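Below is one structure, written out as structure tokens, with a few remarks after it.
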Amino acid sequence: MAKPGHAWSRAAAERGEDEEGEDPLDARIARTGCLEQHRQLQECMAERQDWRHCQEELRAFGACMARRQQRQR
């Protein structure tokens, strides 16, 4: 199964535009240490098509990002 990407990168791929390297947003999220939680949230959203059904994944991603923000202070 292909990993879901961000809407703008999927749109470019559908138009046949080549993506150079990694999605910039994925690269920024990877630097936070929360990429796995983000990907799980993306997969849930792609599968369920409704963020309300992805609350567990949304909370996990939010908690990871909050922990990172606390470490930066």
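When residues of segment 3-43 are filtered for being outside any helix (DSSP H, G or I), at pLDDT 50 or above and over 15 Å from MET65 (Cα atoms), how many remain?
Summing the residues that are outside any helix (DSSP H, G or I), at pLDDT 50 or above and over 15 Å from MET65 (Cα atoms) in segment 3-43 gives 9.
How many residues does segment 58-73 contain that are open to solvent by 60 Å² or more (accessible area, probe 1.4 Å) and either at positive phi or in contact (Cβ under 8 Å) with a residue 12 or more places away in the chain (or both)?
Here the count works out to 3.
Do we find that CYS54 is open to solvent by less than 60 Å² (accessible area, probe 1.4 Å), closer than 23 Å to ARG67 by Cβ, at pLDDT 95 or above and in contact with an Asp or Glu (Cβ under 7 Å, 6 or more places away or on another chain) in this structure?
Against the criterion (open to solvent by less than 60 Å² (accessible area, probe 1.4 Å), closer than 23 Å to ARG67 by Cβ, at pLDDT 95 or above and in contact with an Asp or Glu (Cβ under 7 Å, 6 or more places away or on another chain)), CYS54 does not qualify.
Please name all residue pairs, on different chains or six or more residues apart, with Cβ atoms under 8 Å, provided the first residue is in segment 38-57 and is closer than 22 Å to ASP23 by Cα and the second residue is buried (at least 16 other Cβ atoms within 10 Å of the Cβ) and among the aromatic types (Phe, Trp, Tyr).
HIS38/PHE61; GLN40/PHE61; LEU41/PHE61
The values are calculated or read from the model by the stated rules, or taken from the named source; none is laboratory data. On a predicted model such as this, the values are computed, not experimentally measured, just so you know. Cβ atoms come from the backbone with ideal geometry, glycine included; neighbour counts cover every protein chain shown. Keep in mind that these areas ignore ligands, DNA and RNA; they rest on the heavy atoms of the full protein, side chains included. Shrake-Rupley method; radii C 1.70, N 1.55, O 1.52, S 1.80 Å.
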